[in-house]
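Below is one structure, written out as structure tokens; comments come after it.
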Amino acid sequence: MAPFRGRGGRATSVRGVGRGRGRGRGGSYGERKQYFTTSRVEASDEDSAASEAEQTESGSDIQSNATGGESTDEEEEVGATAKPYNALLQVFQSTASHEAPKRKKRKTVHEERLDSPAENISHIGTVDLAEDITEDNADAAEDMAAAEAVDDEEDSSDPFEVHFANPDDNQLSRKLKALSKNEWERDRMPFGSLGRCTIQFPKDGPGHPSKKRLMSSPTALNLKKKLQAPAVARIPRFNDVEQAVASLVFEYQDLIFGARTVANAEGLRRLTCLHALNHILKTRDRVVRNNTRLVKADPSQDLEFRDQGFTRPKVLMLLNTRQSCAKAVETIMQLYEPEQQENKSRFQESFVDQENLISDEKPEDFREIFEGNDDNDFRLGVKFTRKTAKFFSPFYNSDIIFASPLGLRLAIDGKDSKKKDYDFLSSIEIVVMDQADAIFMQNWDHVEYIFEHLNLQPKDAHGCDFSRVRSWYLDGNSKHLRQNIILSSYIFPSLSVLYSKHMLNIAGKVRYQPSYAGAISSLNFRVKQSFSRFDSSSPVLDPDARFNYFTTAVVPSLSRHSKGSDGSGPGILVFIPDYLDFVKLRNYFANSPTTQNISFGAVSEYAEPSDASRARSHFMTGRHSVLLYTGRAHHFRRIVIKGVKRVIMYQVPENPIFYKEIVGEFIGQSIAMGKLEEPDASTRVLFSKWDRLALERTVGTGRVEKMIADKNDTFDFI
């Protein structure tokens, strides 16, 4: 079945690649119309409108896309198999000696789609490297003039200095040794007035995260002078959530925050954007200051400054939709207050949609995710100079990259998957992923793919001055200094895997998950809620164990339910969070002799609107006794299904709001319409010990441990 079509969706022949809520699984990866002339990154020319008119050269070589002289200081992982410094130099020098060009040309992304302004996100063309260096030198001269007038003093206690610029070699060595052995200390710490959270930090390493003080306002932060006044103006004081988060984020510790809500989303966005911008400015100013010192130094002096990474981009923001990207960009612009914003009108046209408004009848979390431009295929580079913010700058000339997981993966793979380009991710020092729960509803494989390509050793030099590259980049340890900040409404198993596998920060990592009262206590009427536990030996075998339990313990009871007193059907809704489980059950209902007398319909994220409407109508009138309904269909559409009298949840929904809506609203509507009496309403939920996180949000923190470990396997609530 084809996917839903969201408003403004682009036609596509591949599921999951179209725009907005019409994507079903929201971003599955496959063959699609290519927007690249080569395998290099999609990004648009950083220059002004005049430079956008430049003619691009045809047939240019992808591998020569170097951004000479662009690298700013940043530290990230060189890669798990990084070569020693001398070997690395020999590789790049050997390549350069064969080419020996008289005048270097740099590839930049410059091709534009004529049919969609929203996709004008730069493709590869050629820009004269000498001209680009001239522009950067002019920017550097302006920066240095300002730095000499009002310069920030280098504070040895500044977390930027301690973690990135000048880490203690002995401490760094001990922490890296502990991480190589996967040796972590674990503890719990207060999280403001919100409860407690779990922390982990390298064994035998100083700097226990639980000892960090809470910060009441931006004045307590080590901010660049340029940011202090705008930060205080927009965030006079931190609330409890912001205090707890700021004390971790600005200390460069990894964080998974599992309590993001619509109410606190803006405050969290301001904090993460302020931190990212502060890091970019400190990195840039350090390089500019050292450049000036080298110019003014006596030729007899042997100065060495290790202040850079391999490539310029230092911050990566993974976001759900173009609209969420627009919000993050606007927040950064409010804090940075540039005198000029190049290509801003083009950005507004491509990323902002004021007309896509959603009815107030939809839940507020749904409106936040899908209102505005809900396209989830995008990437954007932004470059900062002292006075200017340049939108659509080529990735290798950008300070920060905004992207959706789908958009960034397409940029990495390009047209030719054999010539992948991920060097622009080699020096990422801060990763921010907002609305991770919404991104999970797209295709989480893209997220894992991106993290696997962070901080790898670059394949090309890209104009890097290796004498300025920090030693822990050259040693292949930059992934251990990269900070990861993930904001989500709740924590789910795939996020826990990411936490264990890719969050390896020497400063430690913190995981916050609030206590839950339970979605079962939020219903406005009395209904029997039964939770049935089945045995499952491992997460890998869990789907088969669940299917066997459902077909032997649940299906036989479906045919015994008679029609209602009004002649309508039994109204059994089977909610299936995972699409693969849905396919398995749909085939079972269609082909098994056990279910041959059970009429059923199906609504999934890939159902055509007409097919979904027909299935719902037949279910409401009783023509279908059972309706199979997927979690992603509910996420992308929030359909109101009428005629529900009994709910069977094949698995506990990850989002506790779904439980309240499906049980509370669907059954509650039938009761309110007089189609169902309260004593006749019921819900049954299947779970195993591997569903602990979702179960806790549904039944409450105080009940989950007993339900997982108790000898009884059935638990009833009213």
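FYI, it's all coordinate maths here, none of it is from the lab. All values reported here derive from a predicted model rather than from experimental measurement. Using ideal geometry, Cβ is built from the backbone for each residue, glycine included, and neighbour counts are taken over all protein chains shown.
Considering only GLY476, ILE506, ALA461, and ranking their Cα positions along the charge dipole of region 449-522 that arises from unit charges at the beta-carbon of Lys, Arg, Asp and Glu, the one farthest toward the positive end is ILE506. Put simply, when 702-710, 420-428, 608-616 are sorted by average Cβ atoms within 10 angstrom per residue, most first, you get 420-428, 608-616, 702-710. Selection among ILE648, SER557, MET673 by position relative to the dipole of region 519-717 gives MET673 as farthest towards the positive end (Cβ unit charges, Cα centre).
Here region 304-318 and region 636-691 have alpha carbon centers that stand 50 Å from each other. Between GLU678 and ALA233, the contour length at 0.36 nm per residue exceeds the Cα-Cα span by 154.9 nm.
Sorting 445-451, 236-242 by average packing, meaning the other beta carbons within 10 Å per residue, from highest down gives 445-451, 236-242.
Shape analysis of region 413-481 places it in the oblate category; the axes a ≥ b ≥ c from the Cα gyration tensor give an a/c of at least 1.5, with a/b not above b/c.
Extending 7 Å from Cα along the Cβ direction at SER156 and again at GLU337 yields two label points whose distance is 3.3 nm. Across region 682-691, rounded Karplus estimates of 3J(HN,Hα) from the backbone phi angles (6.51 cos²θ - 1.76 cosθ + 1.60, θ = phi - 60°) give 7, 9, 10, 10, 9, 8, 10, 5, 7, 9 Hz, Gly and Pro being marked x.
Each residue of region 496-504 was assigned a 3J(HN,Hα) from its phi angle through the Karplus curve 6.51 cos²θ - 1.76 cosθ + 1.60 (θ = phi - 60°); the sequence is 5, 5, 4, 4, 7, 8, 10, 9, 10 Hz, with glycine and proline shown as x. At 4 °C and 1.567 mPa s, what whole-number value in µm²/s does Stokes-Einstein give for the translational diffusion of region 519-717, with Rh from the Kirkwood sum over Cα pairs? So the translational diffusion coefficient is about 76 µm²/s.
The dipole here belongs to region 519-717: it is taken about the Cα centre, uses +1 on the Cβ of Lys and Arg and -1 on the Cβ of Asp and Glu, and is about 360 debye.
Backbone amide hydrogens, once placed in the peptide plane, bring LYS528 within less than 5 Å of THR683, excluding anything fewer than 5 places away on its chain. Legend: residue pairs LYS296/LYS420; LYS642/LYS711; LYS584/LYS660; LYS224/LYS419, Cα-Cα distance threshold 31 Å; pairs beyond threshold, LYS296/LYS420; LYS642/LYS711; LYS224/LYS419. Proximity of backbone amide H atoms, modeled 1.01 Å from N, is registered between ASN484 and ASP254, LEU255, VAL431 at under 5 Å, excluding neighbours fewer than 5 places apart on the same chain. Measuring against 29 Å, Cα to Cα, the residue pairs LYS390/LYS501; LYS459/LYS501; LYS226/LYS390; LYS327/LYS689; LYS177/LYS689 contain LYS390/LYS501; LYS327/LYS689; LYS177/LYS689 as the ones spanning a longer distance. Highest mean packing comes first when the peptides 168-177, 314-323 are listed by Cβ atoms within 10 Å, giving 314-323, 168-177.
Simple spin-label estimate for SER613 and ARG188 gives 5.3 nm between the two label positions (7 Å along the Cα-to-Cβ direction from each Cα).
The amide H of TRP184, built 1.01 Å from its N in the peptide plane, has LYS203 as neighbours under 5 Å, considering only residues 5 or more places off or on other chains. With coordinates expressed along the principal axes, the C-alpha atoms belonging to region 561-674 extend over 35, 34, 27 Å, beginning with the largest.
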